[in-house]
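These notes are about the structure you will find just below.
The values are calculated or read from the model by the stated rules, or taken from the named source; none is laboratory data. Not measured: the values here are computed from a predicted model. We place every Cβ from the backbone using ideal geometry, glycine too, and count neighbours over all the protein chains shown. To get the accessible areas, we keep the full protein, side chains included, count just its heavy atoms, and leave off ligands, DNA and RNA. Shrake-Rupley method; radii C 1.70, N 1.55, O 1.52, S 1.80 Å.
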Amino acid sequence: MAKAAVAKDKAPPAIKEKKILTQTKKKKKKKEFWKNYPKIAAKEEKVKKVPPALPPRTPQEFSSNWRALQALLKPESTSPAPAPTKPPKKQEKGLKKEEKGNGKEKVEPKINGHVKETPAIKEPATTEKRKGTTKKRKLSEERDKRHPKKKPSEENAAEPPKIDLWFDDVDPDDIEAALGPEAGSIARQMQGLPEKASDNVDRVLVKDRAFEGLTRTVAMDCEMVGVGKDGEESVLARVSIVNQFGKCVYDKFVKPTERVTDYRTAVSGVRPQDVKNGEDYKVVQKEVSELLRGRVLVGHAIHNDLKIFFLDHPKKSIRDTQKYKPFKQKVKASRPSLKLLCEKILNVKVQSGEHCSIQDAQAAMRLYTMEKKNWEAAIKAKYSEKAKKEPRREKRPPPSSSSASS
């Protein structure tokens, strides 16, 4: 009997081997299952690794925790129950996307016939709030970069004090010539006069985008320097010619034929270095005579300019702004200067400092073009009357042969 009992206690080796095989098969099945569903395994690993709850850092987080603590400390009758915090929608959306891979629904794993439930772990509220605050900060920084706030500038806030001037009755142009353009502008402001616009001179005298070559009508002006005793005699130093639109077509400095005793720089604007490298007088004389041939010549006191060149020009083709009667009547002067004519008729100031032969020629041409129609009509009428008054010469018959023989 004892032997039979011992035999029952000891299990046969075949049964043990079967148990081991069944255990190994179960382990293999588990491994194969998790291999087929790697995403679920990854989820479980992610869920297990929960970050620790950190203390609040921003003032907004402190204030929210403080409010929650105060709500808990108050009696239940006065304080309402805090609303349950909902899980973030973004996490739910992310889980749904992971669950539905390529249009297949989630298949929950079954272990020993029972469905395994994965516990849903919530993140602490502090991390959610921190994420929201960081996003708000980034948005506010981007807005500030795109649309910076305009701060009131100190220059606009504090205006400079006005300077009291003692030269109230002095002409601002004289002040500008003596002290500079800043002093002249201040004097005009104090006297209530408009600002001097130097650019307006070129706009009035020269036509923009106009023809820059020679035209049928040209204007000429010359600058002289003094020679001889005390510089009383004049010699040519510069000549400038402009076309009908005020564009310069010829401008050259001329070497003086005699020793210069007075350059007259304050008026002529000519300096020793200008005439040192100038053109020869005879070359300039020839070039100017060719340019003026067959053209209408405009100028102010043009007889002086022709005299210095030893040139003649037909009176019918000369337009002298100094001798035009309508200009004399407007200005009320028998021999008006070019400066006076420009101030009264063109409302432009020229020759305020050193003279420029180009600008003077442009001013004379602009005066002519303003009165061109009337001026040309008057000249046409004048020469037509002269032609009528002159008696016609009778044609004599040729001498006959009998008279010639006798």
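Legend: translational diffusion of the stretch 245-312 by Stokes-Einstein, Rh = Kirkwood radius over C-alpha pairs, 25 °C, 0.890 mPa s; D = 179 µm²/s.
In the stretch 222-308, taking the dipole from charged Cβ atoms about the Cα centre, the farthest positive-side position among Q273, L297, F253 is held by L297. Averaged per residue, the stretch 223-264 has 48 square angstrom of accessible surface, using a 1.4 angstrom probe with ligands and nucleic acids left out.
Full extension of the chain between R67 and R259 yields a length gain of 58.9 nm, computed as 0.36 nm times the residue separation minus the alpha carbon distance.
In nm², what is the average projected area of the convex hull enclosing the Cα atoms of the stretch 204-301? Before the final figure, lay out each step's value.
Working: hull surface 28.6 nm².
Its Cα hull, projected and averaged over all orientations, spans 7.2 nm².
Between C248 and E287, the modelled label-to-label distance comes to 1.3 nm, taking each label 7 Å out from Cα in the direction of the beta carbon. Modelled spin labels at K389 and K323, positioned 7 Å past Cα toward Cβ, are 1.6 nm from each other.
The eigenvalues of the Cα gyration tensor, multiplied by 5 and square-rooted, give the stretch 303-346 an equivalent ellipsoid with semi-axes of 23, 11, 8 Å from largest to smallest.
Charges were assigned to the Cβ only: +1 to each Lys and Arg, -1 to each Asp and Glu. The resulting dipole of the stretch 251-313 about its Cα centre is roughly 60 debye. FRET efficiency for the D230 to K138 pair, using the beta carbon distance and R₀ = 60 Å, is estimated at 0.10. For the stretch 213-275, the share of accessible area belonging to carbon and sulfur comes to 46 percent (1.4 Å probe, ligands and nucleic acids excluded).
Starting from 0.36 nm per residue, how many nanometres of slack lie between E212 and V267 once their C-alpha separation is accounted for?
On the way: separation 55, 0.36 × 55 = 19.80 nm, distance 2.80 nm.
Difference between extended and current length: 17.0 nm.
Remark: the stretch 341-388 carries 55 Å² of accessible area per residue (probe radius 1.4 Å; ligands, DNA and RNA excluded).
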